[in-house]
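The values are calculated or read from the model by the stated rules, or taken from the named source; none is laboratory data. Source: prediction; values computed, not measured. For neighbour counting, all protein chains shown are included, and Cβ atoms are generated from backbone atoms with ideal geometry for every residue, glycine included. Quick note on the areas: whole protein, heavy atoms, side chains included, nothing else; ligands and nucleic acids left out. Shrake-Rupley method; radii C 1.70, N 1.55, O 1.52, S 1.80 Å.
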Amino acid sequence: MGAARYSIGRAEAGDVPVLVALLSDDILGVGRETGDLEVYGRAFAEIAADPHQFLAVVRTESGEVVGTFQLTLIPGLARAGAKRLLIEAVRLAHSTRGTGLGTAMIEWAHDYGRQQGAVLAQLTSDNSRTDAHRFYEGLGYEATHTGFKLSL
């Protein structure tokens with residue numbers, strides 16, 4: 001039996017409902033996300049219009065969406081004018097976890113960042129996501145900073 005094949009591309013407006021379902025399908029998202037697809041549609045339009053954003057979908061060969069992540073390119077003055085790649089909202093369908101797809105997604109994101117001139121990849125992960133922390137550490141990420149958030 002051959003290995004499953006996936007493709008990664010830019011999300012389209014029609015993908016929003018399944019992306020919201022992926023975001024909602026975890027212990028944090030279930031209490032944080034909403035069923036109001038209109039708010040997500042507005043957010044999608046803003047993301048799609050921003051050239052520094054890449055909202056990705058991961059599809060099976062049959063076209064089913066099984067993953068997502070959002071990439072943001074951040075130009076900066078620090079580090080001699082370095083551009084950073086921010087990786088956020090990484091989600092995989094339960095059926096694909098443990099298959100190597102997550103690693104392939106992050107490697108794809110790194111390649112994308114390099115092609116766009118980024119010299120550093122960074123991400124945040126909620127303190128409660130210890131499995132995700134092990135995953136990112138296994139890819140070579142280091143917990144080098146302490147992050148802070150404030151609800152506005």
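I want to confirm something. Restricting to region 57-96 and keeping residues that are of a type in the set (Lys, Arg) and modelled with pLDDT of 95 or more, which single residue is farthest from the chain's Cα centre (by Cα)?
Lys83
I'm trying to understand the selection: among the residues of region 30-67, which are touching a residue at least 40 places away in the same chain (Cβ under 8 Å) and either touching a helix residue (DSSP H, G or I) at 6+ places or on another chain (Cβ under 7 Å) or not in a strand (DSSP E or B) (or both)?
Phe54, Leu55, Val57, Val58, Glu61, Val65, Val66, Gly67
Got a number for residues in region 97-136 being within 19 Å of Arg84 (Cβ to Cβ) and either open to solvent by less than 70 Å² (accessible area, probe 1.4 Å) or modelled with pLDDT of 95 or more (or both)?
21
Here is a list of conditions, (1) modelled with pLDDT under 90; (2) in a strand (DSSP E or B), and Ile27 meets all of them except one; can you say which number that is?
Result: Ile27 fails condition (2) only.
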